[in-house]
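Trainee: Provided herewith is a single structure, encoded as C-alpha cells, for subsequent inquiry.
The values are calculated or read from the model by the stated rules, or taken from the named source; none is laboratory data. On a predicted model such as this, the values are computed, not experimentally measured, just so you know. Using ideal geometry, Cβ is built from the backbone for each residue, glycine included, and neighbour counts are taken over all protein chains shown.
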Amino acid sequence: MTEFKWVGKVVPRVDGVEKATGRLRYLTDVGLPGLLHGRIKRSQYPHALIKGIDTSRAEALPGVVKVLTHKDVPGVNGFGIIVPDQPVFCREKVRYIGDAVAGVVAEDPAVAEAALDLIEVEYEPQPVVDDAEKAMTSDSPRVHEKGNIHQEVHVRHGDVEAGFAQADLIIENVYKTPRQMHTFLETEGGLAFYDEEGLLNVWVGSQYPQRDQLQIARVLGLNPRKIRVVSSPTGGGFGGKDEITIQTQLALMAFVTKRPVKLWLSREESVISGWKRHPMTLYYRTGFKRDGSLVANEIKIIGDTGAYASLGGPVVSLAVESSCGPYRIPHVKIDGFCVYTNNGVAGAFRGFGVPQSTFAMETQLEIAREKLVLDPIEIRKKNVLRRGDIAPLGHTMTASVGILNTLERAEKSDLWCQREKLKSQTPFPWKKRGVGVAIALQGTGLGVGIPDYGAAIVELTEEGQFIVRIGSPEIGQGNMTAYAITAAEALGCDLALIKVVTGDTRNSPDSGTSTASRSAYTGGNAILDAVAKLKPKLLAVAGEMLGVDRAGLRLAGNRIVSPQGRGITLAELGRYLREKGLEAGARGNFVWPTADVQIPGAEGLPHLVYTYVTQMALVEVDTLTGKVELREAATALDAGRVLNRQGLEGQAEGGMVMGAGYALMEDIIIEKGYFKTMNLSTYIIPTSLDLPERHQVELVEVLEESGPYGAKGAGEAVMVPISPAITSAIHDAVGVRLKEMPAAAERVYQGLRGEEHGQ
Amino acid sequence: MNLVEVEFTLNGERQKVIVPPRTTLLEVIREHLGLTGTKKGCGKGECGACTVLLDGEAVLACLTLISQAEGHAVTTIEGLAKGEQLDPLQEAFIEEGAIQCGYCTPGMILSAKALLRKNPSPTQEEIKTAIAGNLCRCTGYVKIIKAVQKAGRRSAEVAAHD
Ligand code: FES
Ligand code: FES
C-alpha cells in the first residue's frame, strides 16, 4: 500500500482558525466608505403583463440616488447559464412573484426601502400556470412565448415492450417530490465598486466567479476584462448560488451610480426570489423477473422549473440518467420534460435531479421485492452495475464502480446487523420501528458535450510558501483543504506551507464551477499537473545553488535536501528565483474524460465517473400522530480515495441530515404562484434535536484511476438514498407506502388511517 | 430624530453609542462598531447565527434592542480568544471538523459557551438542547456536538490544574 503523508489523514481545515475566531470576512461583511444601499422591487403578481412603471415619486425621495429599471440595462437584459431567459429587470411581463421589476440605490437602507413603495407599477394579471403537467398541454396559458416545455430528453435503449413481455411482475406507480430549499445560512449578498485600476468589482458569494463575470459582462455590454468577480468565501451554496443570484442587478447599480453599493437579501426575499430543488412528478412502469432481476423500465419525468430555465434542463437530464438507479436494465424508455410554470424558480441543488428519481426507483424496487419475497440486499446485489457493464442509457461503465462494495460494507453496519433488536426496542406500544435501505449513483462532473476543465497555478514565494490558485470557490465544502492536501502530498512539503486562493477572477484561474461534485477531482488533477511541471524546475535550480546533481534531491518539510544531508530552505530558493528573475510557478491543466456515447438532446448525458452510496435508516413512527423520527442511520460511500478524512465524513454527515430533511419535513409550499412558506419559522430544516442517536459512516475506497490519488467527488451522493431508505423504513414499521414526500406527520397519519380502512 | 445613548462593555471594553431607539444590538455590533464576526442569517430570531453573550447568557442579538444592553457585558466571537490563545471551544471546533462554511460557527460557539459556563460536562442531550436554536445546514451537527463535549472536558482539566 502506498504510504501517504497527508492524503487520507485527519488535518485541520485551512480556513478553520479564521472561521472559528470570526476573523474571516464573508463578502456580506465587507464595508466601504460612502457605501450606498440597494433594494429590489419585486413583482406583485405571479404572472402579469407590465403596463407601465412610474419611478418619479421614488426618485424624488430625498436620499435616493438612482432608481433602475429595464431601461438602464445597457447590454442584454437577461441572464441564465443555458439560456438568458431571466430579465435583470422585467420589461413587458413578470413570471413569478420574485421577479425583479426595479431597483433602488439610496444613501441609507431605510430610504431605499421606503422608495420601493413609491415605485408604481401597473399590471395586467394573467392566468397563473401552477401545474407543470397541465402547463404541457397546448391550451395552457404560456409563461414564455416559445411554449411551456423548456427541454425534453428521450432515451431509448433495448426494446422496452420485449422487456415487459419477459417480465413476471410489472409495477406501475406515480411519485411526487417536494420543493426543497437550499437554506444556506448566508443569504445572497455582497457589494460592487470601482477599484483604483478602474475595474468594476463584484464581490458576491457564488459558485463560479468566471461565469458570473461573463454573465455580468453580457448584461452591462462590457468587456469581461473590465470586471473582477470575487466569490469566496461563501456561507453555503449547495447549488443555490451556482446561477446568478443578485450579481447582475448589483453590478448595474454600481455601474450606473459609479459608487460602491451593497445589496443583501433579507431571508424572506431570498426564499421568494431564490432557486429551489425541482418538484417532479415521476411515472414508473418497471418489469421484474421472478428472481428479482430487472428487465424493463418505462419512465416519464416532469420537472417544474418555475419561471426561468437556469439549469432546469440539465437537472431533468440527470434525473433521467439516474432514473434506473445503479442497476443493469436492458430495456428502457425514458422521457423527461422540463416545464415552465409561475411557481417560483428552480435550478441546481445538491443531487441535481438524482434525489427525485432515486426516491421513485428505489420505492419501485422495494414494492417488487415485497411481492417477490426477496431480501432487500440480495435483490440489489443481483441487479447492481459492475465495471464493464452496459448501463441502462447504453454507455459502458468503464470507470471504477463501487456500488457492490458499498452494499457489502453497509450490510456489516451495526444498524443492519442488529436491526431486529433495534426494531424491538420501542419505548411505547404505539411507536413502531422499521428499517430501510436504498442505494444510488451520482454522475460527477458536467458530462459529455459540456466543456469541463480545470486549471491550477502553483508558485513558490520568497517566504518559502506555496500558493495554490484555483478558481472554483470555497463554499464550505472544503475544497481549499483538499487542494492543500493534494499539493502538499505531491510536492512533499508541510501542509502548513500551502496557501490556497480560490474564487477570484483576478487571482485564480478558471477551473470551472464548484458544483457537480467536481471541484476536488478537477482541481486536484490540475494541481498534480502543475506540480509535475514545477517540481523538477525547483529541484534543478536547487541543485545549481548547492552545486550538486539534482537527481538525488528531494523536498522534505520546508527544505530541499541532498542525500549527503546538504540543503536549502524553500525561502532561500524562492528568493533566489526572484533575484535571478526565474519562473517560480507553473500552471497545470486538466480536461475531464468522457463517456463513449452521447445521448442526443440531453445536456451532459451520460457521465463517466460516478459516486456510489448505500444508506440505511431506522425510524420510529408514532401511530397516534403519524410523526416519524429518524433514530439511526448508516452510510457506506465510494468516493474513491479519501483525500480529507474529516472533510469527507463531514460531507456524509451533513448530506445525510439534508436528505433526511428532504424525506421528512422540507417543502416550500406555493399556491397559485404565491409562497406560503416565507421564512425559517414556516420552512423547517433539521435542528440538532432531529439528529439520530447514531450515524455510522463507512468510507469505501474503490480507487478511480482518473482521479487525483484515486479520488472522486462526494458532495452530492451523500444526501441521495437516505430519503427512500427512510420511506422504506416507514413502510417496514407501519405498512404505509409513501409515493410522495415529505413524510410529514399528516401524510403518514393519512396513510395509517387508509391502511385501517383497507385501502 | 429621537436618539438614545447606551453604555455597555463589549469584549471587555467600554462602549458608548448614540443611536435610534429601535436599533438592535446586532446592528450596533456589525454596522456601528464594525465587528462582523457576529452573523445575520434572518434578522428575525429564526436561525441563531447572531447569538452573542449578554452577561454570559446566550441571546439573539437581532432580537435584542440596544437599550437592553445598557450597563451589561456583551461578548462576541471576537472576544473569546485571549490574543492568539484560542478558547477551548474554538480549538475543539477546529480539531473535530465542526466547521464547514462557518457561517453558523460564531453563534454556535457562543451558545455552547453559555452552556459550558453553567454545565462543564454536559450530556449529548443537553448539548443538543443548548444549540437547538442554532441552525447549521452544512455539518449535520454531529461534529459540533463532539467538539462541545471535547471543549467541556478540556476546560474541566484546565480548571482542575489551576
Ligand atoms: S439573525 Fe438573529 S436569529 Fe437569525
Ligand atoms: S457550517 Fe455552514 S451553516 Fe454551519
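Residue by residue, here is whether (1) among the hydroxyl-bearing types (Ser, Thr, Tyr); (2) more than 8 Å from chain A (Cβ to nearest Cβ); (3) within 15 Å of ligand 2 (Cβ to nearest atom) holds:
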{"site": "B:ILE77", "(1), (2), (3)": "no, no, yes"}
{"site": "B:GLY83", "(1), (2), (3)": "no, yes, no"}
{"site": "B:ALA112", "(1), (2), (3)": "no, yes, yes"}
{"site": "B:ILE131", "(1), (2), (3)": "no, no, yes"}
{"site": "B:GLN149", "(1), (2), (3)": "no, yes, no"}
{"site": "B:ALA160", "(1), (2), (3)": "no, yes, no"}
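Okay, residues lined up against (1) within 16 Å of ligand 1 (Cβ to nearest atom); (2) within 14 Å of chain B (Cβ to nearest Cβ); (3) buried (at least 24 other Cβ atoms within 10 Å of the Cβ):
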residue: A:ILE475; (1), (2), (3): no, yes, yes
residue: A:TYR483; (1), (2), (3): no, no, yes
residue: A:VAL500; (1), (2), (3): no, no, yes
residue: A:GLY503; (1), (2), (3): no, yes, yes
residue: A:PRO509; (1), (2), (3): no, no, no
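Trainee: Can you confirm whether the range A:100-110 contains a residue that is free of Cβ contacts under 8 Å to residues at least 60 places away in the same chain and surrounded by 22 or more Cβ atoms within 10 Å (Cβ to Cβ)? I'd like the intermediate steps shown before the answer.
Mentor: The first filter runs over the range A:100-110 and keeps only residues free of Cβ contacts under 8 Å to residues at least 60 places away in the same chain, leaving A:110.
Right, trim to surrounded by 22 or more Cβ atoms within 10 Å (Cβ to Cβ) and you get none.
No.
Trainee: Identify, from the list A:SER562, A:SER519, A:SER511, the residue that is under 21 Å from A:THR611 (Cβ atoms), without any contact (Cβ under 8 Å) to a residue 60 or more places away in the chain and outside the structural domain of A:VAL720 (by TED's automatic domain parsing). Write out each step before concluding.
Mentor: Values: A:SER562 fails: under 21 Å from A:THR611 (Cβ atoms); A:SER519 fails: without any contact (Cβ under 8 Å) to a residue 60 or more places away in the chain.
It is A:SER511.
Trainee: Assuming B:VAL28 fulfils every condition listed in (1) touching a strand residue (DSSP E or B) at 6+ places or on another chain (Cβ under 6 Å); (2) in the same structural domain as B:SER155 (by TED's automatic domain parsing) apart from one, which condition is it?
Mentor: The failed condition is (2).
Trainee: Checking the condition among the β-branched types (Val, Ile, Thr) and away from chain B (no Cβ under 14 Å), which residue from A:VAL718, A:VAL697, A:VAL702, A:VAL657 passes? Write out each step before concluding.
Mentor: Working: A:VAL718 fails: away from chain B (no Cβ under 14 Å); A:VAL697 fails: away from chain B (no Cβ under 14 Å); A:VAL657 fails: away from chain B (no Cβ under 14 Å).
Within the list A:VAL718, A:VAL697, A:VAL702, A:VAL657, the selection yields A:VAL702.
Trainee: Quick check on my filter: what residues within the range B:39-55 are more than 9 Å from chain A (Cβ to nearest Cβ) and more than 6 Å from ligand 1 (Cβ to nearest atom)?
Mentor: Of everything in the range B:39-55, those that are more than 9 Å from chain A (Cβ to nearest Cβ) and more than 6 Å from ligand 1 (Cβ to nearest atom) turn out to be B:THR51, B:VAL52, B:LEU53, B:LEU54, B:ASP55.
Trainee: Criterion first (under 20 Å from A:ASP529 (Cα atoms) and either part of a loop (DSSP other than H, G, I, E, B) or assigned by TED's automatic domain parsing to the domain that holds A:ILE498 (or both)) does A:LEU573 satisfy it? Before the answer, list the steps.
Mentor: Working: under 20 Å from A:ASP529 (Cα atoms): no; either part of a loop (DSSP other than H, G, I, E, B) or assigned by TED's automatic domain parsing to the domain that holds A:ILE498 (or both): yes.
No.
Trainee: For the range B:56-76, what are the residues that are away from ligand 1 (no atom under 14 Å from the Cβ) and within 19 Å of A:ALA20 (Cα to Cα)?
Mentor: Of everything in the range B:56-76, those that are away from ligand 1 (no atom under 14 Å from the Cβ) and within 19 Å of A:ALA20 (Cα to Cα) turn out to be B:GLY56, B:VAL74, B:THR75.
Trainee: Return the residues of the range A:160-214 that are at positive phi and either surrounded by fewer than 24 Cβ atoms within 10 Å (Cβ to Cβ) or more than 14 Å from every other protein chain (Cβ to nearest Cβ) (or both); say none if nothing qualifies.
Mentor: A:GLY198
Trainee: Here is a follow-up. Within the range B:105-114, does at least one residue satisfy the condition of being in contact with a strand residue (DSSP E or B) (Cβ under 8 Å, 6 or more places away or on another chain) and away from ligand 1 (no atom under 16 Å from the Cβ)? Walk me through it before giving the result.
Mentor: Let us first name the residues in the range B:105-114 that are in contact with a strand residue (DSSP E or B) (Cβ under 8 Å, 6 or more places away or on another chain), namely B:106-108, B:110-111, B:113-114.
So of that shortlist, the ones also away from ligand 1 (no atom under 16 Å from the Cβ) come out as B:113.
The answer is yes; a qualifying residue exists.
Trainee: Right, another one. Could you list, in sequence order, all residues of the range B:1-53 that are touching a helix residue (DSSP H, G or I) at 6+ places or on another chain (Cβ under 6 Å), of a type in the set (Gly, Ala, Ser) and more than 16 Å from ligand 2 (Cβ to nearest atom)?
Mentor: Hits for the range B:1-53 are B:GLY43, B:GLY45.
Trainee: Quick one: which strands (runs of 3 or more DSSP E) sit completely within the range A:19-117 and have at least 1 residues that are assigned by TED's automatic domain parsing to the domain that holds A:GLN213 and basic (Lys, Arg)? Give the derivation first.
Mentor: Working: elements: A:36-42, A:48-54, A:64-68, A:100-106.
It comes to A:36-42, A:48-54, A:64-68.
Trainee: Could you check A:ILE670 against (1) under 27 Å from A:GLN418 (Cβ atoms); (2) away from chain B (no Cβ under 14 Å) and say which number it fails?
Mentor: (1)
Trainee: Considering only the range A:66-76, state which residues are in contact (Cβ under 8 Å) with a residue 24 or more places away in the chain and surrounded by fewer than 20 Cβ atoms within 10 Å (Cβ to Cβ). It would help to see each step written out before you state the result.
Mentor: So in the range A:66-76, the residues in contact (Cβ under 8 Å) with a residue 24 or more places away in the chain come out as A:66-69, A:72-76.
Listed by number, the residues that qualify are A:ASP72, A:PRO74, A:GLY75, A:VAL76.
Trainee: Now, a different point. Just one of B:GLN15, B:GLN90, B:GLN68 is within 11 Å of chain A (Cβ to nearest Cβ) and among the polar types (S, T, N, Q); which is it?
Mentor: On the way: B:GLN15 fails: within 11 Å of chain A (Cβ to nearest Cβ); B:GLN68 fails: within 11 Å of chain A (Cβ to nearest Cβ).
When all the criteria are applied, what remains is B:GLN90.
Trainee: Also, quick follow-up: Scan the range B:56-65 for residues that are away from chain A (no Cβ under 14 Å) and over 13 Å from the mean Cα position of the chain (by Cα) and jot them down.
Mentor: B:THR64, B:LEU65, listed by residue number.
Trainee: Ok, one more. Name every residue in the range A:536-560 that is farther than 19 Å from A:TRP6 by Cβ and outside any helix (DSSP H, G or I), in order of residue number.
Mentor: First, the residues of the range A:536-560 that are farther than 19 Å from A:TRP6 by Cβ: A:536-537, A:539-553.
Within the range A:536-560, A:GLY547, A:VAL548, A:ASP549, A:LEU553 meet the criteria.
Trainee: Can you find even one residue in the range A:411-434 that is free of Cβ contacts under 8 Å to residues at least 24 places away in the same chain, part of a helix (DSSP H, G or I) and among the basic types (Lys, Arg)? Before the answer, list the steps.
Mentor: Step one: filter the range A:411-434 for residues free of Cβ contacts under 8 Å to residues at least 24 places away in the same chain, giving A:412, A:417-418, A:420-421, A:424-425, A:427-429.
So of that shortlist, the ones also part of a helix (DSSP H, G or I) come out as A:417, A:420-421, A:424.
Next cut, among the basic types (Lys, Arg) only: A:421.
Within the range A:411-434 (the criterion being free of Cβ contacts under 8 Å to residues at least 24 places away in the same chain, part of a helix (DSSP H, G or I) and among the basic types (Lys, Arg)), the answer is yes, since at least one residue qualifies.
Trainee: Checking the conditions here, which among A:ILE450, A:ILE485, A:ILE467 is part of a strand (DSSP E or B) and closer than 23 Å to A:ASP510 by Cα?
Mentor: Working: A:ILE450 fails: part of a strand (DSSP E or B); A:ILE485 fails: part of a strand (DSSP E or B).
The unique qualifying residue is A:ILE467.
Trainee: Based on this model, can you work out whether B:GLY79 counts as more than 16 Å from ligand 1 (Cβ to nearest atom), surrounded by 19 or more Cβ atoms within 10 Å (Cβ to Cβ) and not polar (S, T, N, Q)? Full working, then the answer.
Mentor: On the way: more than 16 Å from ligand 1 (Cβ to nearest atom): yes; surrounded by 19 or more Cβ atoms within 10 Å (Cβ to Cβ): yes; not polar (S, T, N, Q): yes.
Considered against the rule, which asks whether it is more than 16 Å from ligand 1 (Cβ to nearest atom), surrounded by 19 or more Cβ atoms within 10 Å (Cβ to Cβ) and not polar (S, T, N, Q), B:GLY79 comes out as yes.
Trainee: Also, I was wondering about something else. Is at least one residue of the range A:640-656 surrounded by fewer than 24 Cβ atoms within 10 Å (Cβ to Cβ), part of a strand (DSSP E or B) and in contact with a strand residue (DSSP E or B) (Cβ under 6 Å, 6 or more places away or on another chain)?
Mentor: Within the range A:640-656 (the criterion being surrounded by fewer than 24 Cβ atoms within 10 Å (Cβ to Cβ), part of a strand (DSSP E or B) and in contact with a strand residue (DSSP E or B) (Cβ under 6 Å, 6 or more places away or on another chain)), the answer is no, since none of the residues qualifies.
Trainee: Is it true that some residue in the range A:251-266 is within 16 Å of ligand 2 (Cβ to nearest atom) and outside the structural domain of A:ASN342 (by TED's automatic domain parsing)?
Mentor: As a first pass, look at the range A:251-266 and keep what is within 16 Å of ligand 2 (Cβ to nearest atom): none.
Checked the range A:251-266: no residue is within 16 Å of ligand 2 (Cβ to nearest atom) and outside the structural domain of A:ASN342 (by TED's automatic domain parsing).
Trainee: Of all residues being small (Gly, Ala, Ser) and at positive phi in the range A:707-759, which is surrounded by the fewest Cβ atoms within 10 Å (Cβ to Cβ)? Just the residue, please.
Mentor: Filtering the range A:707-759 down to residues small (Gly, Ala, Ser) leaves A:707, A:710-711, A:713-715, A:717, A:723, A:725, A:728-729, A:733, A:735, A:743-745, A:751, A:754, A:758.
Next, from what is left, pick out any that are at positive phi: A:710, A:735, A:758.
Working: A:GLY710: 18, A:GLY735: 13, A:GLY758: 5.
In this case the residue turns out to be A:GLY758.
Trainee: So which of A:VAL315, A:VAL295, A:VAL271, A:VAL320 is outside the structural domain of A:VAL345 (by TED's automatic domain parsing) and touching a residue at least 12 places away in the same chain (Cβ under 8 Å)? Show your work before the answer.
Mentor: Working: A:VAL315 fails: outside the structural domain of A:VAL345 (by TED's automatic domain parsing); A:VAL295 fails: outside the structural domain of A:VAL345 (by TED's automatic domain parsing); A:VAL320 fails: outside the structural domain of A:VAL345 (by TED's automatic domain parsing).
Going through A:VAL315, A:VAL295, A:VAL271, A:VAL320 in turn, the sole match is A:VAL271.
Trainee: Something else: Just a yes or no: is a residue in the range A:325-339 touching a residue at least 12 places away in the same chain (Cβ under 8 Å), within 18 Å of the chain's Cα centre (by Cα) and assigned to a strand (DSSP E or B)? Lay out the reasoning, then the answer.
Mentor: From the range A:325-339, those touching a residue at least 12 places away in the same chain (Cβ under 8 Å) are A:325-339; that's our starting set.
The next check asks that each one be within 18 Å of the chain's Cα centre (by Cα); those that pass are none.
Looking through the range A:325-339, none of the residues is touching a residue at least 12 places away in the same chain (Cβ under 8 Å), within 18 Å of the chain's Cα centre (by Cα) and assigned to a strand (DSSP E or B).
Trainee: Turning to a different aspect of this structure: So, of the residues in the range B:82-102 that are of a type in the set (D, E, K, R) and closer than 21 Å to B:LEU135 by Cα, which turns out to be surrounded by the fewest Cβ atoms within 10 Å (Cβ to Cβ)? Explain how you work it out, then say what you get.
Mentor: Of the residues in the range B:82-102, the ones of a type in the set (D, E, K, R) are B:82, B:84, B:87, B:91, B:95-96.
Now drop any that are not closer than 21 Å to B:LEU135 by Cα, which leaves B:91, B:95-96.
Details: B:GLU91: 20, B:GLU95: 18, B:GLU96: 23.
For the range B:82-102, the residue satisfying everything is B:GLU95.
Trainee: For the range B:132-162, enumerate the residues that are of a type in the set (Ser, Thr, Tyr) and either over 15 Å from B:SER121 (Cα atoms) or buried (at least 22 other Cβ atoms within 10 Å of the Cβ) (or both). Lay out the reasoning, then the answer.
Mentor: Step one: filter the range B:132-162 for residues of a type in the set (Ser, Thr, Tyr), giving B:139, B:141, B:155.
Correct list: B:THR139, B:TYR141.
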